[in-house]
1. I need B:260, A:120 ordered by Cβ neighbour count within 10 Å, fewest first.
2. Net charge around residue B:107, counting only other residues with Cβ within less than 12 Å of its Cβ (Lys, Arg = +1; Asp, Glu = -1)?
3. Would you mind calculating the relative contact order of chain A from Cα pairs under 8 angstrom and at least 6 residues apart, reporting the percent as a whole number?
4. Could you point to the residue in B:17, B:122, B:142 farthest towards the positive end of the stretch B:1-151's charge dipole, with +1 and -1 charges on the Cβ of Lys/Arg and Asp/Glu respectively?
5. In whole Å, what is the distance between the alpha-carbon centres of the stretch B:68-104 and the stretch A:106-140?
6. Suppose each label sits 7 Å from its Cα in the direction of the beta carbon; what would the residue A:128-residue A:263 distance come out to in nanometres?
7. Expressed as a whole number of Å, what is the distance separating the alpha-carbon centroids of the stretch A:198-219 and the stretch A:1-35?
8. For chain B, count the residues as N, evaluate 2.2 N^0.38 Å, and divide the Cα radius of gyration by that value, please.
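No lab work stands behind these numbers, since they all come straight from the coordinates. Values in this document were obtained by computation on a predicted structure and should not be read as measured data. FYI the Cβ positions are ideal-geometry reconstructions off the backbone, even for glycines, and counts take in every protein chain you see.
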Amino acid sequence: MSAPLLQVINLKVYYYVEAGAVKAVDDVSFDLESGIKMGLVGESGSGKSTMAQAMMRMIKPPGKIESGHMILDGIDLVSLSEEQMRQTKLRKLAMIPQGAMNALNPVMRIDRQLIDGMLDHGVVMSKDEREQRVTELLEMVDLPPKVAMMYPHELSGGMQQRVTVAQSISMEPDLIIADEPTSALDVVIQRQVMETINRLQERLGISVILIGHDMGLMAQTVNRLAVMYAGRMMEIGETRKMFHDPLHPYTQLLIESLPVLENKGVFSGIPGITPSLLSPPEGCVFHTRCPKAWERCREEIPQFVEAQPGRWVACHLHTA
Amino acid sequence: MSTPLLELKNVTKIFGSKSDYTVALDGMTFALDEDFPKIVTIAGESGSGKTTMGMLMLGFYGPTMGEVLFRGQPLSTFKGPELYKFRRQIQAVFQDPFAVYNPFYKVDNLLSIPIKNYKLAGSRSEAREMMENALERVGLRPEETLGRYPHQLSGGQRQRIAVARALLLAPKLLITDEPVSMVDASLRSTILKSLRAMNQDFGIPILYITHDLTTAYHVSDYIIILYRGSVMEAGNVDKIIRDPQHPYTKLLVSSIPWPDPDLSWGGSEEMIQKSQVAFKEITGCKFEPRCPYSMDICRTKVPELFMTNGDRVVACYLQKDNPALPREELSRVFTEA
């Protein structure tokens, strides 16, 4: 088997605040092969958005990538200089931001915003070529050509989000990181945008990491699911298997708490609250809320191991 | 029949100027009875008029046409003490659990101010007790919440304090506008549980405004589906979500991302793509430009509310063989079990 597109190895991202180090991402490792859509889910504070920012090298002080590697297509993103990273963005990996309305420049026409990145990366294009590329990009995200001459405020939220999708694919990167791209949109528009992303993913063979907390959206769109909790990776596996047979007690509770058609009016949450990342509990970070915790969970941090082929889990129930 | 608690009478709300305007709510008639401890969802996508409807009921702005009545009296006539009293009886919980708090004050303020304003407590210790009770009723531990600043609490905790505040005032009606959309999925159920408990234990009717049909299905009894300010379908929530009859409701329901990889998104691709069609002057059914079943009559005349059975109306000519329910009697679908 060839090397995976992305290898994240023992990544640690800490925020240094007055009270100490907030371990936002703590010792996370996973591989991602080409052409896979992976969902990264977790509650607020689980570290999922920090993961996205770390991959884009957008962690700002007091935050810092403490240690670890992120190897994308043979290049360790952690070791790149600012300038090298700038060159890599858009070409190798791109991001679809959460709120399109805040990501677009309100006083610049859409055509300019679509090719700005390409020009900045030194792509030389004639005026005709630029126009053609803009039309092509708009067509790829199902927007009419007239959008090119419009300003962001003339577009609906869903259309704005499509523009950011078009931006992200403008240089055909290998990996797209989408940080809750549809959380500000309602169901029908959300579905349109997700179907656009899906189609492009298949057509261009890109890998996508979709970050979010909506398990329903994940069930509908990704083929692999990664679950984070309190800065640590809990479980990774094929989406269908994760839903039908979750191995980690946290994943089990998460899936049980989801509203389904058959169980009207049953509101089950996960009891307890997420631990402080300043002083996470000893041992497994989930043991304070875990119904299956025993002595070992309080003392020893479980390793993240491949419990079944393609199923990785960090839980003492599944370590021999 | 007794006078309803709150009533919208043929209410239209138009925003904008004469040349450039938006009809946010179009001839809406709806009434909630005093002793009607049910949860009614107002659902629809952005721009459907659902929030406008809530704002009108709270009296935050007046209708362009029609009347909003509280116990038979128009809201616009309320002044001074009457308005004060009205404000207490209709409470609200809003979308953003951050914006309702002043970050410089402890969260206690949100609870102690209404107690002070409405003189609910005789002494400081009584006030404290009231606050603690209210928090306990929404499943929060007072010792973990009181004395803290908003940023020290999670979105779910803050939103539950907002529910506790509403509860404190023992309102006659609670209007909640997207109360869980900004809260983590894992915390949503705790808030919905608090709302449901408030509704059942204290008999307070709740208007649940949302675009999220999943939570609407789980928390409410009845639902009104709005599209561009008009009712598309209304009635029993179970029946409507499980078996939608209006093409628009079908589109909404088929777009729900159910958390089950075996239940995939279904529905008509055509309707989804057509949603980009710009809004123009429409004389018939507002959904017609997107509707795959569109007929000639749909373009010329607004469909009536056809009553497909005792507890459901559908504003669609596909159901025209059923008897029509006069618009002002919309609430009837909520009372006949």
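1. Ascending number of Cβ neighbours within 10 Å: A:120, B:260.
2. +3
3. 20
4. About the Cα centre, the residue reaching furthest to the positive side is B:122.
5. Between the Cα centre of the stretch B:68-104 and that of the stretch A:106-140, the gap is 50 Å.
6. Computed distance between label sites residue A:128 and residue A:263 equals 6.2 nm.
7. Centre-to-centre (Cα) distance: 20 Å.
8. Dividing the Cα Rg of chain B by 2.2 N^0.38 Å gives 1.04.
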